[in-house]
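Encoded as structure tokens, the structure appears first; notes follow it.
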Amino acid sequence: MKALFKAVAAAGIVAVALTGCGSSGTAQPAAAPAADLSNVKYEGSVSVITRYAGGNAAFFEKMAKDYEAAHPGVKVNLQQESDQGYKDKIKTLTASQSVPDVYFSWAGNYAEQFYDNGLALDLTNVIAPQTEWGSTMAPQALEAFTKDGKTYGVPLGLDAKYMLYNKKLFSQAGVKVPTDLDGLLAACTALKSKNITPMSFGNKDGWPAIHYITQLNSYNVPAGTLNKDYKPATASFEDPGYKQSLDQFAQIVDRCTTTGKTANGADYYSERDAFGQGKAAMFYVENLEFAAAAPKGSKAEADGYDLFRLPAPAQAKGDTKALTGAPDGFLINSKAKNPALAVDFMKFVTSKQNAEVLASTIGFPSPVTGSLNEQNSTPQLRASIEDLRKASRLSVWLDTVTVPGVAEAYLSGVEGMISGTKTSEDVMTAVKAASDQAK
Amino acid sequence: MSTTQQKTFPPPGLNTPAAGTALPRRRKPARKKNAWPGLIWVLPGLVTLFLFVYYPLVLNFRYSLETSNIFTGQQRFVGLDNYARLAADPVFWKALGNNCLYAGISIVFQVFFALVLASLIENLRNERFRTILRSIYFLPSAISLTVTGLLFAFIYQPQGGLLNGLLNAVGLESLQQAWLGNPDTAMLGVIMMSQWQGFGYCTLLFAVAIQRIPREYYEASALDGIGPVRQIFSITIPLVREMTGLMMIVTISGAFQVFNEVMVTTSGGPDNSTQVLGTWLYRSGFIKNDFGYAAAIATVIFVITLALALIQVRYTNKRRV
């Protein structure tokens, strides 16, 4: 036993000595260099990482193949990960300074972490709204990857949240599309009275509830206050609108869903299927998922379905024209060996022709103007994009727009509220504490 | 061919000096003389062990004294701040409590119940039946944890789930729950899934230990009129104590390293009610980017499991039959 202790101690001492030899990095983040597409060298390779493994992998596989065919001297090294797998892998790649040339990012604080630390190329010269490339895209999509007047991301999918509703079930209950939150709650009561499940809702993963809160926060809290509070340095979270949003969400869960307090145990995807099977009258869903929520040949499709925005409360003090959503985007590694080639690859991926392919292969609406047509999309998807263009702004998902600690406080707090173990005051206290800690 | 020659050790005359001759000088042990060539042979193993086990361990401790920004590679020494935050973090204590609960329930199921079941199985007379039963109980251990997680998600589902369906069928509707969605039942739900999977494996290990007990003990006790229950307490349990001790330590140690079971079912939710040290470490590092804090949690897990490993080493040295 003594020998064992001695061995461990000796190994520890040597290891401490060696770790002391390593120096802590103290380099300040460098300003991101600007992109230049005037002289692209079509040689070597470009590495790309996405979060589209599985059913959505086909698009980038085709893009890699087509780009290599168009430029024979270029090899595209493509890695596609699952949603969670990507979150883990990109952290490891970042920590080991091995970020691929082109990498996926959500909008908001998630993307800002990369460009604030000099890991993303400044694309303003080539993709800002007034440029040739940028003018092909919805300005709201570019805005989501813009900070201090500089644009860093290439938006790929134009994602926004809508309430899908089953026309037949609405008609059976004599319900019309609600125009405000009280109208929605009244519609739920009317549907329930006809033994129709008003809304399917599963929150096993935590984020489905956060999407409601994102939209309600935009309605109840002025945009300026939101922008200030979502950044820990200027945050106070004093506005009463935050608590109102949580209380309104609790009302929706209580009066519109049948899962209610058990929603934390219900799977989001099973609940989405329930809408498709015509078992629920409404489902709050991203437009990227319309095809999965009401697939071809489904009961919901046969019944007929349409969409509306989550209605705003009457006399809301925030921006009632804001819409929850954010484009999926890609950043270019500022340390890429051939950054111009990496930018050129993404320009190729977001050309109008390939934007149409994006919709026809995996059902994603592109921010590229005019890329949706009758051949590659449903009327509901086209209607969502048309409506999105009328939005005053896109409210980025609450779990990516703010720092991870605040997002975590919201996620766990809202879960507690649904289960009945926390109140809206408890949630806001935890959010404030997390924000203060992140200052 | 048998021999009647009496054997002694050492053989006569081997170590005994002849009368009148001087005692030879004591020779140095051969192992010392050959130590260096031997070390060269084990050096690759030692270097590998040092590089991939001890060095990362110490490096982890160093990281626990720093905050780090993975985007810039910047690190800042903060002393014991991460440990102070740990002590004040209610989720950390919740996670530690869940690990302890996990260990406690695992001991009941994977040590006590597994031993009782193994005794019952090994008492059966029909060998084929015994083999079939061992296989049935072992089967869950052969299923991948991801598949098990999916299976139990179906069992625990609040609407249309098997468990709630059964409760409904027997008139116990009032007990229906969102088993993994209710903070009061979620941790127990995860633990019971783990017991279902690990129970058969432990039973098999106990069965092997019981098979090593000479049958004569049972036959003799049966002649003395001892019943099967008394045999378990008076013969089986005392003679498998080495395996019992080991199983307890391995089970407790495993309970403090649990991670996959929680990730495939609840990911630590709802409201952090199923966080264990492993998942809280993961969330702190990979979700909240707080790698210094995550390293501090890793150090706590290491200290607990090291203590258990040392107890195990000591126990096995003392108890070996």
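The values are calculated or read from the model by the stated rules, or taken from the named source; none is laboratory data. These numbers were taken from a predicted model, which means no experiment stands behind them. As a convention, Cβ positions derive from the backbone with ideal geometry for all residues, glycine included, and neighbour counts pool all protein chains shown.
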Those residues of the range A:295-312 which are assigned to a loop (DSSP other than H, G, I, E, B) and either of a type in the set (D, E, K, R) or closer than 25 Å to residue A:180 by Cα (or both) amount to A:296, A:304, A:309, A:310, A:311, A:312
Picked from the range A:301-332 (must be among the polar types (S, T, N, Q) and surrounded by fewer than 24 Cβ atoms within 10 Å (Cβ to Cβ)), the residue modelled with the highest pLDDT is A:320
Go through the residues of the range B:213-220 one by one and say whether even a single one is more than 13 Å from chain A (Cβ to nearest Cβ), in contact with a helix residue (DSSP H, G or I) (Cβ under 9 Å, 6 or more places away or on another chain) and within 20 Å of residue B:266 (Cβ to Cβ). no
Here the residues within the range A:344-377 that are farther than 18 Å from residue A:138 by Cβ, over 22 Å from the mean Cα position of the chain (by Cα) and crowded, with 17+ Cβ neighbours inside 10 Å are A:344, A:345
Counting only residues in the range A:384-403 that are in contact (Cβ under 8 Å) with a residue 40 or more places away in the chain, closer than 18 Å to residue A:307 by Cα and outside any loop (DSSP other than H, G, I, E, B), the one nearest to the chain's Cα centre (by Cα) is identified as A:394
Matching residues in the range A:261-286 (out of contact with any Leu (no Cβ under 9 Å at 6 or more places or on another chain), in a helix (DSSP H, G or I) and touching a residue at least 60 places away in the same chain (Cβ under 8 Å)) number 8
If we keep only residues of the range A:98-118 that are buried (at least 18 other Cβ atoms within 10 Å of the Cβ) and more than 20 Å from the chain's Cα centre (by Cα), then the residue nearest to the other protein chains (Cβ to nearest Cβ) is A:117
Within the range A:227-240, restricting to residues that are surrounded by fewer than 20 Cβ atoms within 10 Å (Cβ to Cβ) and part of a helix (DSSP H, G or I), the one that is nearest to the chain's Cα centre (by Cα) is A:227
Given the conditions (1) away from chain B (no Cβ under 11 Å); (2) without any contact (Cβ under 8 Å) to a residue 12 or more places away in the chain; (3) of a type in the set (Gly, Ala, Ser), every one holds for residue A:95 apart from (1)
If I filter the range B:282-292 for residues that are within 18 Å of the chain's Cα centre (by Cα) and in a helix (DSSP H, G or I), do I get at least one hit? no
Checked B:199, B:233 against criteria (away from every other protein chain (no Cβ under 14 Å) and closer than 30 Å to residue A:262 by Cβ); the one match is B:199
Over the range B:209-226, the set of residues assigned to a helix (DSSP H, G or I), touching a residue at least 24 places away in the same chain (Cβ under 8 Å) and among the hydrophobic types (A, V, I, L, M, F, W, C) is B:209, B:210
If we take the range A:105-217, then helices (runs of 4 or more DSSP H) inside it with 1 or more residues that are modelled with pLDDT under 95 are A:109-116, A:124-127, A:139-143
Reported set for the range B:166-198 where residues are out of contact with any Ser or Thr (no Cβ under 9 Å at 6 or more places or on another chain), more than 19 Å from residue A:420 (Cβ to Cβ) and not β-branched (Val, Ile, Thr) is B:166, B:168, B:169, B:171, B:172, B:173, B:192
(request) Inspect the range A:202-219 for any residue being in contact (Cβ under 8 Å) with a residue 40 or more places away in the chain, aliphatic (A, V, I, L, M) and within 14 Å of another protein chain (Cβ to nearest Cβ) and give the result as yes or no. (result) yes
By residue number, the members of the range B:66-98 that are more than 14 Å from chain A (Cβ to nearest Cβ), more than 16 Å from residue B:294 (Cβ to Cβ) and buried (at least 18 other Cβ atoms within 10 Å of the Cβ) are B:98
Exception for residue A:289 within (1) among the charged types (D, E, K, R); (2) in a helix (DSSP H, G or I); (3) touching a residue at least 60 places away in the same chain (Cβ under 8 Å); (4) closer than 28 Å to residue A:403 by Cβ falls at (3)
In the range B:260-269, anything part of a helix (DSSP H, G or I) and either buried (at least 21 other Cβ atoms within 10 Å of the Cβ) or at pLDDT 95 or above (or both) is listed as B:261, B:262
task: Might you let me know whether the range A:338-353 holds any residue that is in a loop (DSSP other than H, G, I, E, B) and free of Cβ contacts under 8 Å to residues at least 40 places away in the same chain?
output: yes
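Is it the case that residue B:272 is surrounded by fewer than 22 Cβ atoms within 10 Å (Cβ to Cβ), touching a helix residue (DSSP H, G or I) at 6+ places or on another chain (Cβ under 6 Å) and either within 11 Å of chain A (Cβ to nearest Cβ) or of a type outside the set (A, V, I, L, M, F, W, C) (or both)?
Considered against the rule, which asks whether it is surrounded by fewer than 22 Cβ atoms within 10 Å (Cβ to Cβ), touching a helix residue (DSSP H, G or I) at 6+ places or on another chain (Cβ under 6 Å) and either within 11 Å of chain A (Cβ to nearest Cβ) or of a type outside the set (A, V, I, L, M, F, W, C) (or both), residue B:272 comes out as no.
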Just wondering, is there one or more residues in the range A:408-425 that are more than 21 Å from residue A:312 (Cα to Cα), away from chain B (no Cβ under 14 Å), modelled with pLDDT of 95 or more and surrounded by fewer than 24 Cβ atoms within 10 Å (Cβ to Cβ)? yes
Of the residues in the range B:203-236, those that are surrounded by 15 or more Cβ atoms within 10 Å (Cβ to Cβ) and under 26 Å from the mean Cα position of the chain (by Cα) come to B:203, B:204, B:205, B:206, B:207, B:209, B:210, B:213, B:232, B:235, B:236
Only unsatisfied item for residue A:64, checking (1) more than 18 Å from residue A:51 (Cβ to Cβ); (2) more than 14 Å from chain B (Cβ to nearest Cβ), is (1)
Of the residues in the range A:182-214, those that are more than 24 Å from the chain's Cα centre (by Cα) and either crowded, with 23+ Cβ neighbours inside 10 Å or closer than 25 Å to residue A:240 by Cβ (or both) come to A:182, A:183, A:184, A:185, A:186, A:187, A:188, A:191, A:198
With the structure loaded, tell me whether residue B:287 is within 30 Å of residue B:74 (Cβ to Cβ) and either modelled with pLDDT of 90 or more or within 10 Å of chain A (Cβ to nearest Cβ) (or both) or whether it fails that test. yes
